[in-house]
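Report on the following structure.
FYI, it's all coordinate maths here, none of it is from the lab. What you see is a predicted model; the values in this text were computed from it and never measured. Cβ atoms come from the backbone with ideal geometry, glycine included; neighbour counts cover every protein chain shown.
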Amino acid sequence: MHGASTICRAASILLVLAIGSFSMPVRAQDAQWPVSSEDDLRKAITGATITGEVKAQPPFNFTEFLGPDGKSRGKLIECCNPDKVLTNGTSYAGEWTLEKDNLCLLYEGEEQKVCWRLQVKGDQFRMTDDKSGYSGEGKIRSGNPDNL
């Protein structure tokens, strides 16, 4: 089991580092991305899978199921091939919460949660780190289609 926990810890560290280094700057005021209430966000993402690309060094794709029990499970893969996430991805797990319009994630092996202002438009989402000024975008898919 030591090897599996090392892989999960490495994946968690990579995800936290990469999330902190999105390369798309935040636009000042974007009417296309309305601010959603906590209730609306909860309805949109609870029991759903968020899938997107993180623009980091190196870039990677991710898919993460946000369970109704507050648990999250995901996979990530280096660089830009979302169809290979399921076959070659590194698994990770943690917990998620909503705090107003922030999606907060605490991954296994980490001591600090990462919180992102979350905006939803249809089946699209955008997460913005107000501290660094970076953001990332992706798609919301209902259920757990990737069996995470």
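Structural remarks
- The slack between E111 and K43, meaning 0.36 nm per residue of separation minus the straight C-alpha distance, is 21.7 nm.
- Computed from the C-beta positions of Q32 and E95, the FRET efficiency with R₀ = 30 Å rounds to 0.50.
- Each of C104, C115 has some number of other Cβ atoms within 10 Å of its Cβ, and from fewest to most they run C104, C115.
- Long-range amide H partners of F125 with built H, under 5 Å: G138, K139, I140
- With neighbour counts taken as other beta-carbon atoms within 10 Å, the residues V120, V35 rank, fewest first, as V35, V120.
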